[in-house]
Amino acid sequence: MDFELKTLALAKAPGQRCDLLVLLVEESFAPGADALSSLAAVALRHGDFKARAGSLLQCYAPPTIAARSVLLLGAGDGSPVAVRKAVLALAGLLKAGVSRHVVFAFGSAPGPDAVGVLVRCVAEASYVYTTTKSKAESRTLARVTVGVPDVARVRVAFDTAVAVVAGVEFAREWANRPANHATPTMLGEAARSLARHAGISCKLHGPAQVARLGMSAFMAVAQGSSEPLRFIELHYQGGPKTQAPVVLVGKGITFDAGGISLKPAAGMDEMKFDMGGAASVLGTFRALVELRPRINVVGLIPSCENLPDGKAVKPGDVVTSMSGQTIEILNTDAEGRLALCDALTYAARFKPKAVVDMATLTGACVVALGAVRSGLFASDEALAEQLLAAGEAALDPCWRMPLDDEYADGLKSAFADVANVAGRPAGAVTAAKFLQRFVGAWPWAHLDIAGTAWKSGSAKGATGRPVGLLVHYLLAAADAAPVRRRGK
Ligand code: BES
Ligand code: MN
Ligand code: ZN
C-alpha cells in the first residue's frame, strides 16, 4: 500500500478526487467556511454525528465535494489513543474493499503523534493475509493520502510510521505463514532477501556450523525434526564500524509441538506463531532498511522445529550449552530458552551496547499480562526505561516484571548446572532467570511476547508486535531525527 503525505488546507479538501474522503473531527473543532466544515457543523448541530472518538457518519456524493463518498470521523481529543480508536471504528469499511484511494483530512491541524498513529492503524485495519489462499482477496485499499496543513511538522513521524508499517507487515506475513511455508530454511531466505538492501548483510549458519560453535542446547531442540536448523545472523551498519551494536535476539521455533513433552491437540496449530520473536527481528530490519538510522544493529535468530521423534531429546537428558554450563532438560516443551541461551552466548562476540531478546516464551506470561502488554525483564534500569518509553510511544506497550534471584531457586538440578524448568509459580519469571544465566556484563532485556505476538479466536493472526516498540527504541538510541528515507 502507498502512503503519501501532502499539504492540504481544509478549504481545499472538498476538491480532492478519491473514493473516500475522511474528515477527522476533534471535540475542539472550529468549522471554517468550506463545504466539508459546513457538512460537519450541520451534522454536529443536529446530533447525527459526535466528535467522540470512533463516532462516524458517511455521506454519499454530497454536492460540491469531489470525493465519491465522505466520512466524518470523531477523533475525540485528538490524542494518539483517540485517533487509534477512531481508525479502528473504520476497520470494517477499510477491509470491505470498496475504496481504493482514501484521503484523510483534519478538522484541526494534527500533531506528529496523531499522524503516526493514523498511518499505523490504517495499515493494521486494512491488512489481509493472502499467501496460502488460492483466490486472492487481496487488499483493495491501494493508496492512502494524509492531507495536513503543515507537512514539515509531521514529516518525521509520518516517515517513521510508514517504515514501522513495512516492518510490522513483514513480521505479520512471516508469523502468519503455516509452519510448512515458514521453515527455518525459509526464514533464512527471508533474512537473506533483506540483505539485498544497502547497509544490511546476512550470514546463515546450518547444522554443521552450529555444531562447530558448540550450540548443543539449541541443537537438542532441533534433533527431533527432519527440517535442518538455521542460526540466522543479520547485520545493519548505520554507524561507524567501531560503534558497539544493539543485538536483537528472536526465538525462531517455526513449530512447537512440545517435543516428547507433547502439547495437547487443542489449539496446537497456534504454535506456528512460536517464531514471533524471530519475525519481530526480521520486521525491525525491514524498517531499518527504510529509516537508515545512525546505529549498528545485529539480529540473531536460532530457528528450528520442536517435534517428538525417535531421535528427539528426552526429559532428563543433559546437554552442554555453548557457554559451557550443563542443562538438564526436564521438560522438552521449555525449548525456547534452550535455543535462546546459545544465541545469548553467541552475542558476546559483538561486545554489545545492549542485548534485547524477544520470545513467545511462556504460557505463564499470557496468564499474567494477557494480550495488552508484553512482559519486560531487564537487568539494567536505563534500558528498561528506554524500552518502556518506546512501547508507550509506539502504542506497543510492555510491563516490567521482576528478576529477584530467589526466583531462580527452582531451577536447581541434581544432575546438571541448571534445569530448564522450575515449578508452575511465576513461570514467566523463572524462564527469564534461566536466560539471565547466559548474559554477560552488558545491559540485557527480555520481552516475553507470548500474549502479544498473535491473536487467537475469530481474528486469529499475527500482530507484528513488538516491531513498533523496537523501532522506536532503536531510533531513540540513535537519536535519529532527521530521518533519511531510501531514495531521498
Ligand atoms: N511456545 C511456548 C509458550 C507459549 C504457550 C506461548 C502458549 C503462547 C501460548 C513455550 O515453548 C512453552 O511451551 N512453554 C511452556 C514452558 C513450561 C514447560 C515450563 C509453557 O509455557 O507451558
Ligand atoms: Mn514449548
Ligand atoms: Zn515454544
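For this structure, a couple of remarks:
- For region 409-433, a residue qualifies if it is of a type outside the set (G, A, S) and in a loop (DSSP other than H, G, I, E, B), and the qualifying residues are K412, F415, D417, N420, V421, R424, P425.
- Check on A11, in contact with a strand residue (DSSP E or B) (Cβ under 6 Å, 6 or more places away or on another chain) and assigned by TED's automatic domain parsing to the domain that holds T145: no
- Of the helices (runs of 4 or more DSSP H) lying entirely inside region 311-405, those carrying at least 2 residues that are surrounded by fewer than 20 Cβ atoms within 10 Å (Cβ to Cβ) are 363-369, 381-393.
- Residues being assigned to a strand (DSSP E or B) and either within 15 Å of ligand 2 (Cβ to nearest atom) or outside the structural domain of T332 (by TED's automatic domain parsing) (or both) - total across region 243-259: 5
- One residue stands out among those in region 400-429 that are touching an Asp or Glu at 6+ places or on another chain (Cβ under 9 Å) and within 16 Å of ligand 3 (Cβ to nearest atom): the one that is nearest to R337 (Cα to Cα), which is N420.
- Flag if G214 is more than 16 Å from ligand 2 (Cβ to nearest atom), out of contact with any Phe, Trp or Tyr (no Cβ under 8 Å at 6 or more places or on another chain) and on the phi > 0 side of the Ramachandran plot: yes
- Selection from region 394-439 of residues that are within 27 Å of G468 (Cβ to Cβ) and within 16 Å of ligand 2 (Cβ to nearest atom): G427, A428, A431, A432, L435
- Residue within region 453-460 that is crowded, with 21+ Cβ neighbours inside 10 Å and either more than 30 Å from A114 (Cβ to Cβ) or of a type in the set (F, W, Y) (or both) present: yes
- Pairs where the first residue, in region 353-371, is in the same structural domain as A175 (by TED's automatic domain parsing) and the second is among the polar types (S, T, N, Q), C-beta under 7 Å, 6+ apart: M358/S280; A371/T452
- D448 meets all of the listed conditions (1) over 16 Å from the mean Cα position of the chain (by Cα); (2) closer than 27 Å to G267 by Cα; (3) of a type outside the set (S, T, Y) but one, namely (1).
- One residue alone among A43, A66, A61 is within 16 Å of T145 (Cα to Cα), among the aliphatic types (A, V, I, L, M) and either surrounded by fewer than 18 Cβ atoms within 10 Å (Cβ to Cβ) or under 26 Å from the mean Cα position of the chain (by Cα) (or both), and that residue is A66.
- Just one of the listed residues (G277, G239) is farther than 21 Å from T362 by Cα and either within 16 Å of ligand 2 (Cβ to nearest atom) or surrounded by fewer than 24 Cβ atoms within 10 Å (Cβ to Cβ) (or both), and it is G239.
- Across region 256-287, the qualifying residues are those that are among the polar types (S, T, N, Q) and away from ligand 1 (no atom under 11 Å from the Cβ), and the one among them that is nearest to K311 (Cα to Cα) is S280.
- Subset of region 159-193 [under 20 Å from R465 (Cβ atoms), surrounded by fewer than 24 Cβ atoms within 10 Å (Cβ to Cβ) and among the hydroxyl-bearing types (S, T, Y)]: none
- Within region 434-479, the residues that satisfy the criterion of being part of a loop (DSSP other than H, G, I, E, B) and at positive phi are G464, D479.
- The sole residue among D417, D380, D396 that is out of contact with any Pro (no Cβ under 8 Å at 6 or more places or on another chain) and of a type in the set (D, E) is D417.
- Qualifying residue in region 169-182 (condition: over 18 Å from T463 (Cα atoms) and among the aliphatic types (A, V, I, L, M)): no
- Taken residue by residue, region 131-154 has at least one member that is within 27 Å of P228 (Cα to Cα) and among the β-branched types (V, I, T).
- Any chance E233 is of a type outside the set (A, V, I, L, M), part of a strand (DSSP E or B), more than 13 Å from ligand 2 (Cβ to nearest atom) and surrounded by 17 or more Cβ atoms within 10 Å (Cβ to Cβ): yes
- Candidate set from region 293-310 (those that are surrounded by fewer than 20 Cβ atoms within 10 Å (Cβ to Cβ) and away from ligand 2 (no atom under 16 Å from the Cβ)); member that is nearest to G363 (Cα to Cα): G310
- Listed by first and then second residue, the pairs linking a residue in region 253-264 that is aromatic (F, W, Y) to a residue that is more than 10 Å from ligand 1 (Cβ to nearest atom), with Cβ atoms under 7 Å apart and 6 or more places separating them unless they lie on different chains, are F255/A179; F255/K272; F255/E305.
- Options R153, R139: the member that is among the basic types (K, R), assigned to a loop (DSSP other than H, G, I, E, B) and in contact with a helix residue (DSSP H, G or I) (Cβ under 7 Å, 6 or more places away or on another chain): R139
- Contacts under 7 angstrom Cβ, first residue in region 425-448 being in the same structural domain as C365 (by TED's automatic domain parsing), partner in a helix (DSSP H, G or I) and of a type in the set (F, W, Y), 6 or more apart: A426/Y407; V429/Y407; T430/Y407; K433/Y407
The values are calculated or read from the model by the stated rules, or taken from the named source; none is laboratory data. Since the structure is predicted, the reported quantities are computational estimates derived from the model, not experimental observations. As a convention, Cβ positions derive from the backbone with ideal geometry for all residues, glycine included, and neighbour counts pool all protein chains shown.
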